[in-house]
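Worksheet: the structure to be examined is printed underneath.
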Amino acid sequence: MTTLHIVRQSAFTTSDFAQCLQTVKDSDCIVFTDDGCYNLTHPCIKQLSVQVELKAIIEHVNARAINLTNTKATTITMNELVALTFQTDRVITWQ
Amino acid sequence: MTLHQPNKSLALLNSKAPYANNAGKDALDIALVFGSFEQATALFFQGDGVYQLMQGQDGDIISVKDYLKTFSAFEFYDIEDVYVCQQSLIERGLASDFHIEQVQVLNQHDFASKLTTHSTILRF
């Protein structure tokens, strides 16, 4: 049973992402959109103790000039996000 | 009897990232209005607000009007005092790689004391 977590806010501003990390399980998937993309460089991402796929929306990352080289995230398009919602059992949007 | 008008100055404290909402744009608009009336205006960037200064951003990619480009007009409005919180940069792993020139990076103490030298502070 997998869950797709869509994170839209920066962990520097809200506790949404911290709460997401408390609920995430093995083989879940986290997609960062909008200001959620800033979380890819937030220290708390290192606390991830489960095996999770990290993805980010490419336009949102590029618009914010975020550098992904030192992260484990891959980029996807909005269409691929829509497809992902069909591949998981449930979706939680953290906003 | 002469009415002594104390030396008033405005500080605009930016605390939001550029694209999630209009806070940054609103702060910029007010800075330019005050600048055009030759009022002493200073800009402060703290927290996620420091993201507004990062080099290489492009709001057009996400179809958002890119107001960050207007920052380069500061000199025409005599806005020379731009301060950024060093602690906020460190927390976010950001280098002092800004898209405008005259940004002064202040440690937490100096940032707070500089901010409170202004008579009016508006936070966005």
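The values are calculated or read from the model by the stated rules, or taken from the named source; none is laboratory data. Nothing here was measured: the structure is a model prediction, and the numbers come from that model. We place every Cβ from the backbone using ideal geometry, glycine too, and count neighbours over all the protein chains shown. We work out accessible area using only protein heavy atoms, side chains counted, and drop any ligands, DNA or RNA first. Shrake-Rupley method; radii C 1.70, N 1.55, O 1.52, S 1.80 Å.
Considering each of B:Phe98, B:Phe76, B:Phe124 in turn, give the residue that is on the phi < 0 side of the Ramachandran plot, open to solvent by less than 70 Å² (accessible area, probe 1.4 Å) and at pLDDT below 95.
B:Phe124
Take region A:42-66 and flag every residue that is open to solvent by 60 Å² or more (accessible area, probe 1.4 Å), touching a residue at least 24 places away in the same chain (Cβ under 8 Å) and within 17 Å of A:Ala11 (Cα to Cα).
Of everything in region A:42-66, just one residue is open to solvent by 60 Å² or more (accessible area, probe 1.4 Å), touching a residue at least 24 places away in the same chain (Cβ under 8 Å) and within 17 Å of A:Ala11 (Cα to Cα), namely A:Gln47.
The conditions are (1) in contact with a Cys (Cβ under 8 Å, 6 or more places away or on another chain); (2) part of a helix (DSSP H, G or I), and B:Phe44 fails exactly one of them. Which is it?
(2)
Is it fair to say A:Ala18 is more than 10 Å from chain B (Cβ to nearest Cβ), among the aliphatic types (A, V, I, L, M) and more than 26 Å from A:Phe86 (Cβ to Cβ)?
Spelling it out, A:Ala18 is indeed more than 10 Å from chain B (Cβ to nearest Cβ), among the aliphatic types (A, V, I, L, M) and more than 26 Å from A:Phe86 (Cβ to Cβ).
Have a look at A:Lys55, A:Lys25, A:Lys46 and point out the one that is at pLDDT 95 or above and basic (Lys, Arg).
Residue meeting the stated conditions: A:Lys55.
Tell me, please, whether a residue that is open to solvent by 10 Å² or more (accessible area, probe 1.4 Å), free of Cβ contacts under 8 Å to residues at least 40 places away in the same chain and away from every other protein chain (no Cβ under 14 Å) can be found in region B:49-72.
Yes, region B:49-72 contains a residue that is open to solvent by 10 Å² or more (accessible area, probe 1.4 Å), free of Cβ contacts under 8 Å to residues at least 40 places away in the same chain and away from every other protein chain (no Cβ under 14 Å).
Considering each residue of region A:18-41, count those that are open to solvent by 30 Å² or more (accessible area, probe 1.4 Å) and within 27 Å of B:Gln87 (Cβ to Cβ), and give that number.
So the count comes out to 6.
Could you tell me which of the residues B:Leu115, B:Leu106 is open to solvent by less than 30 Å² (accessible area, probe 1.4 Å), modelled with pLDDT under 95 and among the hydrophobic types (A, V, I, L, M, F, W, C)?
The conditions single out B:Leu115.
Given the criterion over 19 Å from B:Pro18 (Cα atoms) and touching a residue at least 40 places away in the same chain (Cβ under 8 Å), identify the matching residue among B:Leu115, B:Leu106.
B:Leu115
Return the residues of region B:14-45 that are away from chain A (no Cβ under 14 Å), more than 13 Å from B:Thr117 (Cα to Cα) and in contact (Cβ under 8 Å) with a residue 24 or more places away in the chain; say none if nothing qualifies.
B:Lys25, B:Asp26, B:Ala27, B:Leu28, B:Ile30, B:Ala31, B:Leu32, B:Phe34, B:Gly35, B:Ser36, B:Glu38, B:Gln39
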